[in-house]
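K.L.:
Structure incoming, see below.
Bear in mind that the values in this text are calculations on the coordinates, not laboratory data. All values derive from a computational prediction rather than experimental measurement. Ideal geometry is used to build each Cβ from the backbone, glycine not excepted, and the neighbour counts take in all protein chains shown.
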Amino acid sequence: MPGRERTPVLPLAGRRALVTGGSRGIGRAVALALAEAGADIAITFREREADAMLTCTDIAEHGRRAVSIRADVSQRFEVAALVASVRTELGEIDILVNNAGVAHPAPIDRVGEAQWDEAISTNLTSAFLITQGLVGGMRERRWGRLIFLSSVAAQVGGVVGPHYAASKAGLHGLMHFYAAHLAKEGITANVIAPALIETEMVTSNPNAKPGIIPVGRFGDVGEVASVVRLLAENGYITGQTINVNGGWYSS
């Protein structure tokens, strides 16, 4: 009918996304960006239930389904339960954003096996376990997006410590394997490597100073979330590291 406005078709309508660590910071911004693009969203949280509920409320305001699940992704049994719960409560996941992580700054002589194990299990092993738990469904449907949130620390060492840098660098190898082996099945895999995004994790680190960044400021969570949305919508970008770092590292 002439004069009738058409409802815009959202690029991710009908898709379902899981964002780990989605209750606050970068994860929250990512969850909202994907919801704005039409996806239904599941988020995980470990402690801050009120923040998770608020994020879900904001997702619902976009007309999308929202689910929050408490999970410590450093514990393999909780990861297995998470994968099962997401399938039950939301359905098969099309877009996985491995965002959950820890960053406990420590000088070289204070980093021991406990700090190493925590960083590796939370930042790297959890991403492997969750991806392995969900990628089978993506392969059956021949459509999927695997997005890993790394860090400039994987490229330059960073300001947290060797445990953190190594755990984030491992995500790059994980991504490259999935990208190489799943490209012909309609599944893309990419890494985003931010630097000093203005979140509680960064502002609580005394070593993180805006002056380190060539552009002279911390990044905004929305500047990362917009790249996640781009990768979720694009089926031709795979095997890449997108550097959202204000010029700290150039590849």
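K.L.:
Under the √(5λ) rule applied to the eigenvalues of the Cα gyration tensor, what semi-axes describe the equivalent ellipsoid of the chain? Give them in Å, descending.
P.N.:
29, 20, 19
K.L.:
Cβ neighbours within 10 Å, averaged per peptide: list 127-138, 150-161, 110-121 in order, most packed at the top.
P.N.:
Descending packing order for the listed peptides: 150-161, 127-138, 110-121.
K.L.:
Which far-off residues, 5 or more places away or on another chain, put their amide H under 5 Å from the one on residue 198, with H placed in the peptide plane?
P.N.:
Under 5 Å from the amide H of residue 198: 219, 220, 221.
K.L.:
In whole Å, what is the distance between the alpha-carbon centres of the stretch 218-251 and the stretch 97-140?
P.N.:
Value for the Cα centre distance between the two parts: 20 Å.
K.L.:
Within 10 Å, count the other beta carbons around each residue, average over each peptide in 191-198, 173-180, and list them highest first. List each step's numbers first, then the result.
P.N.:
Details: 191-198: 24.1, 173-180: 17.2.
Result, highest mean first: 191-198, 173-180.
K.L.:
Additional query: If Rh is defined by the Kirkwood formula over all Cα pairs and Rg also comes from Cα, what ratio Rg/Rh do you get for the stretch 93-232?
P.N.:
Computed over Cα atoms, the ratio is 1.00.
K.L.:
Non-local amide H neighbours of residue 246 (under 5 Å, H modeled in plane, Pro and chain starts lacking H): which ones?
P.N.:
none
K.L.:
Separation between the residue 84 and residue 47 pseudo-spin-labels, each 7 Å from Cα along Cα→Cβ, expressed in nm?
P.N.:
2.7 nm
K.L.:
Moving on. Taking Cα atoms, how many degrees apart are the long axis of helix 221-233 and the longest axis of the chain, rounded to 10 and kept between 0 and 90?
P.N.:
So the inclination is approximately 50 degrees.
K.L.:
Going by how many other beta carbons lie within 10 Å of each one, how would you line up 209, 184, 168, fewest first? It would help to have the intermediate numbers written out before the result.
P.N.:
Working: 209 11, 184 7, 168 26.
By the 10 Å Cβ count, ascending, the order reads 184, 209, 168.
K.L.:
Using θ = phi - 60° and the Karplus curve 6.51 cos²θ - 1.76 cosθ + 1.60, what whole-Hz ³J(HN,Hα) does each residue of the stretch 152-163 get, with Gly and Pro shown as x?
P.N.:
Along the stretch 152-163, the couplings run 4, 4, 5, 9, 10, x, x, 10, 9, x, x, 5 Hz.
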